[in-house]
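What follows is a short report on a single structure.
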Amino acid sequence: MPSVVVLAVVALYPVLAAVWLSLHRFILVFGERRFTGLANYAYLLGDARFGSALGNTVYFTAVAVAVELLLAVPLAVLLNRAFPGRGLLRASVLVPWAIPTVVSARLWAWMFNPDSGLINRLLGGAEINWLGAPGYALHAAILVDVWKTTPFVALLVLAGLQGIPEDLYKAARVDGASPWRQFRSITLPLLKPALLLAVLFRSLDAFRVFDAIYVLTEGGPANTTETLSIYAYKTLMRSGDFGYGSTLAVATFLGVVLLAAVWLKWLGREEARE
Amino acid sequence: MKRPGLGTALAVVAFLTFFLGPFLWQVLTSLWPDGELTRPWPSHLTGANYQSVLFGRPFLWAVLNSLVVATLTTVFCLTVGASAAFALAKLEFRGRGLLLSAALGVSMFPPIATVSPLYLILSAVGLRDSLVGLALPYTTFALPLTLWVLTSFFRQLPDELYRAARVDGCTPVGAFRRVLLPLAAPGLATTAILVFIFAWNEFLYALTFLSTPEKRTVPVAISLFASEYKEPWGEIAAASVVATLPLVVLTVLFQRRIVSGLTAGAVKE
């Protein structure tokens, strides 16, 4: 019981402290620290680099989560079916999930290598500089995220699928409904809570993306893959600007809270409707 | 079992290739002789990359550091988490649901939001750049997961067991220790695996709080792997295989547990 309270305090304190720091001009190397109120936030609103980082983060989150859902639903339907080799597929989808993100980023960086990477080889000797070209790099990062987390989404969807009573399908077959019709009228509606939950978890996770992008591109080329976490990290640890860095971190936090609030409200409405 | 149709078979092959292909390519790369990487296919396979990674670089230290941090985190989480989860699952008190939601909320914090204060705190108490100092924030981050998984495991144990133990004269703590804890062993094992994997994989805190190269954990070491002129892809691949093979084996062996733990943590009944 006291441990629960300790947890709440220990976890809440750093966030409050970050908010407090964000109200300061605080450069670590100069030892300079003074209270400046909302000055950092005023600067944030006019900071074009913040705008582009926010845009990149939103784009990354939206596209990655959408693709993951599109892949995870068929995968979950497949895993829910009985066929020889299902155990193998089940075990192997967990492999990307278990690999550290940093390692998977390195692994993909090698496959994206412009000279001898697997992807250009498969494209018949193309010479696309995946991680070095502005339009490509962010999509490459999305692919890495999709590879790693689709299994997790599929597992959530699978848990939802297993909660659907078999009788419904039997009744539908008796009524002569086609498989596609069954999927549209039974599976999808009953799966909605599980899907929303998956969207909730994944989008909160994708919004704070750091590891994969840091290792793949460090935010380059020309900041086209710089997300909020990367910008905040660079400001904190490379520039040693703890005041503005904390402001960026708090902004990331607020983004996550906002996303969570929207999804939870939606999820609550779905549950109330049942 | 029905014979699978062609569509099913194709889908299975496609998914298997997508999920396993990159990893297998990494394994092949790690055995590829250096200097031949631009060729379409290796002329022979070699263990040279492994040799230089394991003995020519301080990579083994990183593995050891990661083992220490991940073990510490797991022990911390289970010690604190087991009793808290027991209280959440079996004892009636106000604000139970609120606490569980709060725990879930905490796990949603972006780690970057807590980096600057944690950096200052750890510096102030002299725990920055230490493995114990790294395990502490890991514990607070992994505790919510621990609580969720363990609480759902404790809930599955029948209430009668706890009441019977109380009637037989056990204190709540005694009943927890002697009766419920042993029965929750599978739940504890599942949690331990999940927390261990989390701590083994964490990158941002490790990158930020550790400054001595000898203290680097595996993800940091792999991210900073560089030689002066070109990326040593073969060695990186070898290091990656060393760092992930234990996890892959662990995952495949405990597949069922991990799946049940992940979904218990995420989907509450």
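The values are calculated or read from the model by the stated rules, or taken from the named source; none is laboratory data. Predicted model, so just to flag it, every value in this text is computed and none were measured. Reconstructed Cβ throughout: ideal geometry from the backbone, glycine too, with neighbour counts over all protein chains shown. Accessible surface is based on the protein model in full, side chains and every heavy atom, while ligands, DNA and RNA are left aside. Shrake-Rupley method; radii C 1.70, N 1.55, O 1.52, S 1.80 Å.
Worth a mention:
- Mean accessible surface per residue for segment B:114-269, computed with a 1.4 Å probe while every protein chain stays in place, in Å²: 42 Å²
- Carbon and sulfur %, accessible surface of segment A:40-163 computed with the full protein complex present, 1.4 Å: 67 percent
- Relative to the Cα centre, the charge distribution of the protein assembly as shown, modelled as +1 at Lys and Arg Cβ and -1 at Asp and Glu Cβ, gives a dipole magnitude of about 1180 debye.
- Checking the cross-link pairs A:Lys234/A:Lys265; A:Lys234/B:Lys215; A:Lys148/B:Lys215; A:Lys148/A:Lys170 against a 30 Å limit on the alpha carbon distance flags A:Lys234/A:Lys265; A:Lys148/A:Lys170 as lying beyond it.
- Max mean-square fluctuation residue, GNM over chain A, Cα-Cα springs under 10 Å, options A:Ala109, A:Ala260, A:Ala171: A:Ala171
- Mean Kyte hydropathy of 1.0 or more with a Cα span along the axis of at least 20 Å, helices from DSSP in chain A: A:2-21, A:48-79, A:134-162, A:188-207
- Chain B: most fluctuating residue of B:Thr46, B:Thr190, B:Thr38 per GNM, C-alpha cutoff 10 Å: B:Thr38
- Full extension of the chain between A:Leu122 and A:Phe35 gives 25.7 nm of extra length, using 0.36 nm per residue less the Cα-Cα distance.
- Think of it as helices only: each DSSP H run of n ≥ 4 in chain B is worth -39500 (n - 2.57), and spread over all residues that comes to -23000 deg cm²/dmol at 222 nm.
- In this label model, B:Ala185 and A:Leu267 are separated by 3.4 nm, measuring between points 7 Å along each Cα→Cβ vector.
- Förster radius 51 Å - calculated FRET efficiency between B:Ala9 and A:Ala171 (Cβ-Cβ, nearest 0.05): 0.95
- Partner chain coverage, peptide B:130-141 - average Cβ within 10 angstrom: 1
- Under 5 Å, built H, 5+ apart or other chain: amide partners of A:His24: A:Thr36
- Principal semi-axes in Å for the protein assembly as shown [√(5λ), Cα gyration tensor, largest first]: 35, 33, 25
- Association of chains B and A removes close to 6800 square angstrom of accessible area from solvent, both sides included, for a probe radius of 1.4 Å.
- Entry for segment B:1-124 at q = 0.11, 0.19, 0.23 Å⁻¹: log10 I(q)/I(0) = -0.88, -1.11, -1.31, Debye formula applied to identical alpha-carbon scatterers, no solvent contribution.
- Rounded to 10°, Cα long-axis angle of helix B:131-156 versus longest principal axis of chain B: 50 degrees
- Principal-axis tilt of helix B:233-253 within chain B, Cα atoms, nearest 10 degrees: 30 degrees
- In this structure, the amide hydrogen of A:Glu32, modeled 1.01 Å from its nitrogen in the peptide plane, lies closer than 5 angstrom to those of A:Ile27, counting only residues at least 5 positions away or on a different chain.
- An ellipsoid equivalent to segment A:126-201, defined through the eigenvalues of its Cα gyration tensor, has semi-axes of 37, 15, 9 Å when rounded to whole angstrom and sorted largest first.
- Karplus-derived 3J(HN,Hα), 6.51/-1.76/1.60, for each residue of segment B:18-24, Hz, glycine and proline x: 5, 7, 8, x, x, 5, 5
- Hydrodynamic estimate: the Kirkwood radius of chain A over Cα pairs, inserted into Stokes-Einstein at 10 °C and 1.306 mPa s, corresponds to D of 74 µm²/s.
- Computed FRET value (nearest 0.05) for B:Arg256 with B:Val68, which takes r as the C-beta separation and R₀ as 30 Å: 0.60
- FRET efficiency, B:Leu224 to A:Leu188 (Cβ-Cβ, R0 51 Å, nearest 0.05): 0.65
- Using all pairs of distinct alpha-carbon atoms, the Kirkwood hydrodynamic radius of segment B:68-196 works out to 15.8 angstrom.
- More than 17 angstrom apart: percent of Cα pairs within segment A:174-218: 57 percent
- P(r) tail, chain B: Cα-Cα pairs separated by more than 25 Å, 58% of all pairs.
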